[in-house]
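Data first, discussion second: the structure below is written as structure tokens.
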Amino acid sequence: MGAGPAALCIVAELVEHGLNVTALASHTPEKPWPNTYGIWAEEVETLGLESLLGHRWSNTVSFFGDGSDPNGKKPTIHNFDYGLFDQNSLQQSLLKRCQGLIWNLETAEEIKVLGQETEVTCKSGKKYKARLVIDASGHRSRFIRRPNNGPVAEQAAYGVVGRFNSPPVEKNQFVLMDFRPDHLSQQEKNEPPSFLYAMDFGDDIFFVEETSLACSPPLSWSTLRARLQARLSHRGVEIREIIHEEHCLFPMNLPLPDRTQPVLAFGGAASMVHPASGYMVGALLRRAPALGEQLALAMSIKPNLDSSALAQKGWEVLWSKELVQRHRLYQFGLSRLMSFKEDELRDFFATFFRLPTKDWSRFLANTLPLPKLILVMLKLFWIAPWKIRRGMIFGISTSK
């Protein structure tokens, strides 16, 4: 169920393994994806998919100073290529792998497990039966059970692709995070912080996006729009033409699903958003092949497995013990960061990017094995200033 990146990733694998797949989606899978998807180039190179990048930058920087003095304006240079998927190319490459599959434009209303099969009843009244149902319809799905651990923190962003009276970033530059707060009042500095994510598309077209880290309740798009305009105005930059507006809102600390349930999930519905970075597409592309292979193998070796047993096989691959432990560590770290104020976040990230590139990049990609992840987190704690260490231990703000 679903027609976004997660659905297409897993459907492509299932089809290529020769399984008989029925796809349900509330809209056609050809519908253009509205948001941009960024990724560190190393991730797509490892997958052999670098040809799907629409843009790639070698000049990758962040700003963690306060912007009030020359040193505060100096960038942190990442020396690590960053890319942006060509959404259409990524979408069409996945659809091509699903060739021959019929997409039923339906909206699921009810799911019943009948033993050997699972039945999906749609709003149209039509019923579909399958050995296994995979919900890849996003984090708002009401069919996937998960524990209630309290309010869910969400990352929000408002962005503009457009033309400006002067460049908002340097030519051929990608800015991962610009936390400089010199455009904010003292009162605004005490509010939940946000940063600029920006890049040069060439031909005098730029993408600028004001992004908040996880918070509950999330910052509103109107607040982020106002902050973006204030940030640009402070630097003498005005938007001359809006080509595209982007609105993002997704959970960062969504609890892991109940992994005993007979309906399997994938993507946002399976809590696959990275709690430390908010990224997911790289994980979809890496983890779909193993899940598809396991399901195909299980159905060929034991053709009489019922829906619950098949789902259990899938959950074991999707959320192995190691992946669960890594996810818990990331969520622990996120809970600490959510208590940091603007100045503490700047100090934290300035410290984080002092780690070796292979450490911070794989931390953000969630490709570090568990022992290495623990080692990197300990290394970060060791090199951090005392006030950041305190925040990492106690999860409380140390600002006065």
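What follows draws every value from the coordinates through simple rules; no lab data is involved. This one's a predicted model, so the numbers in the text were calculated from it and none came from an experiment. Using ideal geometry, Cβ is built from the backbone for each residue, glycine included, and neighbour counts are taken over all protein chains shown.
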The long-range amide H neighbours of Ala265, using H built 1.01 Å from N in the peptide plane and a cut-off of under 5 Å, are Asp135
In nanometres, the difference between 0.36 nm per residue of separation and the alpha-carbon distance of Gln186 and Ser220 is 10.3 nm
Only helices counted: for the chain, with every DSSP H run of 4 or more residues adding -39500 (n - 2.57) and the sum spread over all residues, [θ] at 222 nm is -11000 deg cm²/dmol
Relative contact order of the range 338-394 (C-alpha contacts under 8 Å, at least 6 apart) in percent is 45 percent
Row for the range 174-314, column shape: gyration tensor on C-alpha, a ≥ b ≥ c, rounded if a/c < 1.5 i.e. under 1.5, prolate if a/b over b/c, else oblate; value prolate
Taking a straight Cα-to-Cα line shorter than 18 Å from Lys126, and setting aside same-chain lysines fewer than 8 residues away, one finds Lys112
Protection proxy (average C-beta count within 10 Å per residue), highest first, orders 109-118, 81-90 as 81-90, 109-118
Taking a crude spin-label model, label points 7 Å out from Cα along the C-beta direction, the Ser26 to Ala290 distance in nm is 3.1 nm
For 235-246, 340-351, ranked highest to lowest by mean beta-carbon neighbours within 10 Å, the order is 340-351, 235-246
The long-range amide H neighbours of Trp40, using H built 1.01 Å from N in the peptide plane and a cut-off of under 5 Å, are Gly83
Most exposed first, judged by fewest Cβ atoms within 10 angstrom, Ser194, Ser216 run Ser216, Ser194
Length gained, Phe394-Ser89, 0.36 nm per residue minus C-alpha separation, equals 105.3 nm
Quick calc, the chain, dipole around Cα centre from Cβ unit charges on Lys, Arg (+) and Asp, Glu (-), nearest 20 debye, gives 1160 debye
Any residue on another chain or 5+ positions along whose placed amide H is under 5 Å from the amide H of Thr76 is listed here as Ser62, Phe63, Phe64
Membrane-span-like helices (DSSP H runs, Cα span along own axis at least 27 Å, mean Kyte-Doolittle at least 0.0) in the chain -> 281-301
In nm, the gap between the two label points placed 7 Å beyond Cα toward Cβ at Thr46 and Arg97 is 1.6 nm
Kirkwood Rh over alpha-carbon pairs of the range 245-332 plugged into Stokes-Einstein at 20 °C, 1.002 mPa s gives a D in µm²/s of 153 µm²/s
For the range 104-116, in residue order, the Karplus 3J(HN,Hα) values (coefficients 6.51, -1.76, 1.60; θ = phi - 60°; whole Hz; Gly and Pro = x) are 8, 7, 9, 10, 5, 10, 8, 10, 10, 8, 10, x, 5
Taking 0.36 nm per residue of separation between Arg235 and Leu19 and subtracting their Cα-Cα distance, the length gained on full extension comes to 72.2 nm
XL table Lys129/Lys313; Lys358/Lys379; Lys31/Lys129; Lys341/Lys387; Lys74/Lys171; Lys74/Lys189; Cα-Cα > 22 Å flagged, in table order, is Lys31/Lys129
Most packed first (mean Cβ within 10 Å per residue), the peptides 218-230, 131-143 order as 131-143, 218-230
Computed over the range 338-394, the convex hull of the Cα set has an average projected area, in nm², of 3.9 nm²
Applied in sequence order to the range 256-273, the curve 6.51 cos²θ - 1.76 cosθ + 1.60 (Karplus, θ = phi - 60°) yields integer Hz couplings, x standing for Gly and Pro, of 5, x, 5, 8, 10, 6, x, 9, 8, 10, 8, x, x, 4, 9, 6, 8, 5
With the 8 Å Cα cutoff and a minimum separation of six or more residues, the range 143-292 has a relative contact order in percent of 35 percent
